[in-house]
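Quick notes on the structure that follows.
The values are calculated or read from the model by the stated rules, or taken from the named source; none is laboratory data. It should be emphasised that the depicted structure is a prediction, and the values quoted were computed from it without experimental measurement. Here the Cβ is made from the backbone with ideal geometry for all residues, glycine too, and neighbour counts use every protein chain on show.
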Amino acid sequence: MARNRFFIDHISEEVALTGDEFRHAKNVLRLREGSEISLLDGSGAEYSAVVAKVEREKMLVHVLEKRAGSREPQTDVCLLVGALKGDKTELVVQKAVELGAAKIGVFSSRYCAAYMNANKLERLNRVSREAAKQCMRSVALEVVYYEKYEDALKSANGYQKKLFACEFLEKSEGDIKGLSGSVALVVGSEGGFSEEEFALAKSYGFTGVSLGKRILRAETAAIALLSVVMYESGELG
Ligand code: SAH
C-alpha cells in the first residue's frame with residue numbers, strides 16, 4: 001500500500017482530492033499524474049489508487065483495488081479523558097490513535113478547568129485523522145465530547161472491562177492482566193476527580209486502578225494506562 005494516504009468520504013471508481021487534502025498532495029507531497037496513493041473512507045477498508053490528473057483546484061484519482069485494512073486491534077478499547085488545558089487533549093488524542101484506541105471521548109467534570117467548543121472539537125478530530133494516516137490506520141476515530149461526566153460513563157455501557165484511573169487509591173481494586181474483548185478507560189483532567197465522581201463510576205461498573213505512588217500528569221496517566229492495557233490485550237509486540 002502506498003504511504004501517501006488520504007481520507008475521502010465516499011469512494012467510487014473516480015474521486016477527486018480537494019481542499020486541504022488537495023493542497024497537501026500537490027504542494028507538500030508533490031504528487032503528479034501516475035503517483036500511487038492510498039485512499040481511506042474511514043470504514044477500515046483501504047483502496048490503492050493512482051493520480052489521473054492534476055487540475056488547478058483538485059486532483060482526479062483513479063481507484064484500482066479495495067483491501068481490508070490490517071492494522072486495527074482485536075481489542076475494542078475506549079479512552080475517556082477529562083478535557084485538558086492548552087493542547088494537551090490533542091496530545092492525548094494523537095497518542096491514543098497511535099496506540100490503537102477504538103474510541104475516544106473527552107468529558108468535562110467537576111475539577112476540569114478546560115472548556116470545549118465546536119472549533120476545539122473539530123481540531124481534535126483533525127488531529128485524530130492525521131494521526132490515523134501517519135500510523136497507517138485505516139479507521140478515522142471520531143472524538144466525542146460529553147458535557148456531562150455521567151454521559152461519558154454511560155457511553156461505556158456494555159464494555160466487558162471498565163477501568164478508572166484513580167489518583168487517590170493506594171492500590172488497584174482489581175488487576176489489569178490478560179485483557180481481551182472490550183475495555184473502557186477513564187482518566188481525569190489536571191484537577192483530578194472527587195470522591196463522588198469515583199463513587200459514580202463504580203456504580204457504573206468501573207474498577208479503580210492505581211498507576212503507582214506518584215501523581216502523574218493527566219496526559220501521562222492516559223498514555224501510560226492505554227499502553228498497559230494494549231500490552232495486556234496482546235496488541236503490542
Ligand atoms: N489534581 C490531582 C491530580 C490529578 S492527575 C491531585 O492533585 O491529586 C490527573 C488524572 O490522572 C487523575 O484524575 C487520574 O485519572 C490520573 N492519575 C494521575 N496519577 C495517578 C495515579 N498515581 N494513579 C491513578 N491515576 C492517576
Exercise for the section: Considering every residue within the range 139-151, establish whether at least one is among the basic types (K, R) and within 16 Å of the ligand (Cβ to nearest atom). Expected result: no
Exercise for the section: Go through (1) of a type in the set (V, I, T); (2) in contact (Cβ under 8 Å) with a residue 40 or more places away in the chain; (3) more than 6 Å from the ligand (Cβ to nearest atom) and name the single condition T220 misses. Expected result: (2)
Exercise for the section: Please state which one of S210, S189, S180 is within 14 Å of the ligand (Cβ to nearest atom), among the hydroxyl-bearing types (S, T, Y) and more than 15 Å from L80 (Cβ to Cβ). Expected result: S210
Exercise for the section: Among the candidates K202, K177, single out the residue that is surrounded by fewer than 14 Cβ atoms within 10 Å (Cβ to Cβ) and either within 30 Å of A45 (Cα to Cα) or over 13 Å from the mean Cα position of the chain (by Cα) (or both). Expected result: K177
Handout entry: So S38, is it out of contact with any Leu (no Cβ under 8 Å at 6 or more places or on another chain), small (G, A, S) and closer than 22 Å to S233 by Cα
Key = no
Practice task
Take the range 4-40 and flag every residue that is of a type in the set (S, T, Y) and assigned to a strand (DSSP E or B).
Solution key: S38
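Residue-by-condition table, conditions (1) over 11 Å from M59 (Cβ atoms); (2) at pLDDT below 95:
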residue	(1), (2)
R3	yes, yes
F7	yes, yes
H10	yes, yes
E13	yes, yes
E21	no, yes
L31	no, no
G34	yes, no
S38	yes, yes
S43	yes, yes
Practice task
Among what's in the range 192-207 and is part of a loop (DSSP other than H, G, I, E, B) and within 13 Å of the ligand (Cβ to nearest atom), pick the residue that is nearest to E72 (Cα to Cα).
Solution key: F206
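Yes or no, residue by residue, for (1) touching a residue at least 24 places away in the same chain (Cβ under 8 Å); (2) buried (at least 17 other Cβ atoms within 10 Å of the Cβ); (3) out of contact with any Asp or Glu (no Cβ under 7 Å at 6 or more places or on another chain):
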{"site": "V28", "(1), (2), (3)": "no, no, yes"}
{"site": "E36", "(1), (2), (3)": "yes, no, yes"}
{"site": "L39", "(1), (2), (3)": "yes, yes, yes"}
{"site": "V93", "(1), (2), (3)": "yes, yes, yes"}
Problem - Single residue of S48, S43 found to be part of a strand (DSSP E or B) and outside the structural domain of G178 (by TED's automatic domain parsing) - result: S48
Problem - Residue within the range 215-235 that is closer than 17 Å to V81 by Cα and assigned to a strand (DSSP E or B) present - result: no
Exercise for the section: Would you please name the residue that is modelled with the lowest pLDDT, looking only at residues in the range 156-174 that are farther than 21 Å from E219 by Cβ, more than 13 Å from the ligand (Cβ to nearest atom) and not in a strand (DSSP E or B)? Expected result: G174
Handout entry: Near pairs, Cβ below 9 angstrom, 6+ apart or cross-chain, from the range 175-200 (assigned by TED's automatic domain parsing to the domain that holds G100 and at pLDDT below 95) to any residue that is within 12 Å of the ligand (Cβ to nearest atom) and assigned to a loop (DSSP other than H, G, I, E, B)
Key = none
Handout entry: Entirely in the range 51-149, the strands (runs of 3 or more DSSP E) that have 3 or more residues that are within 28 Å of I37 (Cα to Cα) and either assigned by TED's automatic domain parsing to the domain that holds I11 or not hydroxyl-bearing (S, T, Y) (or both)
Key = 59-68
Exercise for the section: Spot the failing condition for E232; the list is (1) buried (at least 17 other Cβ atoms within 10 Å of the Cβ); (2) within 14 Å of the ligand (Cβ to nearest atom), and only one is missed. Expected result: (2)
